[in-house]
Ligand code: OGA
Ligand code: NI
């Protein structure tokens, strides 16, 4: 566990974007994907908005994914396994990097064919509590032609990250602009923020 945490943290320190392949086990990612698909079938996903609770806007020209918030209150064993893993990651991060994270929030995100999320920052203008963004992908058999890459904008370059099963990406929410390129088939992730 600590090894994969350090892979994520070390690559973040080196490149401002942490990447760890196989952050989730194949078993956990497959159960979470099944959960997602069931919730979606039961029409429990919301259109994603931009902004926070008080200033939320559903602007389909900015983002067209659909989301469902994870919650320990659901008593779902796989969601809880995911939260347990995040608890371990946060305590490792806090003890090795003095980050002072005190909470988090995560949602499933489903990008149906043709969906995207235009260039943006993850921090709200009126609330700075989101410190780190963390995205974990649940897509087996993702090919180049499936699109849906995460494009991260660095100072003088951009970086394309394919949403491969079990991979986690980690970066500072207030600093790095990024976008999700059009997905040519359903693209699944758990996206969230570590907060102070
Ligand atoms: C987001 C986001 C990136 C991704 O939800 O804010 O930028 O790769 N997601 O899904
Ligand atoms: Ni984002």
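Among the numbered conditions (1) crowded, with 21+ Cβ neighbours inside 10 Å; (2) more than 15 Å from ligand 2 (Cβ to nearest atom), tell me where residue 150 comes up short.
(2)
With the condition kept exactly as written, say whether any residue in region 68-84 is in contact with a strand residue (DSSP E or B) (Cβ under 6 Å, 6 or more places away or on another chain), surrounded by fewer than 17 Cβ atoms within 10 Å (Cβ to Cβ) and part of a helix (DSSP H, G or I).
Within region 68-84, not a single residue is in contact with a strand residue (DSSP E or B) (Cβ under 6 Å, 6 or more places away or on another chain), surrounded by fewer than 17 Cβ atoms within 10 Å (Cβ to Cβ) and part of a helix (DSSP H, G or I).
Within 11 Å of ligand 1 (Cβ to nearest atom), buried (at least 17 other Cβ atoms within 10 Å of the Cβ) and either at pLDDT 95 or above or within 16 Å of residue 48 (Cα to Cα) (or both): does that describe residue 137? Before you say what the answer is, go through the steps one by one.
Details: within 11 Å of ligand 1 (Cβ to nearest atom): yes; buried (at least 17 other Cβ atoms within 10 Å of the Cβ): yes; either at pLDDT 95 or above or within 16 Å of residue 48 (Cα to Cα) (or both): yes.
Here the answer is yes, as residue 137 does meet what is asked.
Take the conditions more than 28 Å from residue 87 (Cα to Cα) and either at pLDDT 95 or above or touching a strand residue (DSSP E or B) at 6+ places or on another chain (Cβ under 8 Å) (or both) and apply them to residue 194. Does it pass? Let's see the steps before the verdict.
On the way: more than 28 Å from residue 87 (Cα to Cα): no; either at pLDDT 95 or above or touching a strand residue (DSSP E or B) at 6+ places or on another chain (Cβ under 8 Å) (or both): yes.
It is false that residue 194 is more than 28 Å from residue 87 (Cα to Cα) and either at pLDDT 95 or above or touching a strand residue (DSSP E or B) at 6+ places or on another chain (Cβ under 8 Å) (or both).
Under 7 Å between Cβ atoms, which residue pairs at least 6 apart in sequence (or on different chains) link something in region 179-195 that is under 14 Å from residue 140 (Cα atoms) and within 11 Å of ligand 2 (Cβ to nearest atom) with a partner that is outside any loop (DSSP other than H, G, I, E, B) and at pLDDT 95 or above?
Matching pairs, first to second residue: 189/109; 189/135; 189/136; 189/137.
Read through the list (1) within 18 Å of residue 189 (Cα to Cα); (2) in contact with a helix residue (DSSP H, G or I) (Cβ under 6 Å, 6 or more places away or on another chain); (3) part of a helix (DSSP H, G or I), then give the number of the only condition that residue 165 fails.
(3)
The values are calculated or read from the model by the stated rules, or taken from the named source; none is laboratory data. Bear in mind the structure is a predicted one, so any value in this text is a computation, not a measurement. Cβ sites come from the backbone with ideal geometry, for glycine too, and all protein chains shown count toward neighbours.
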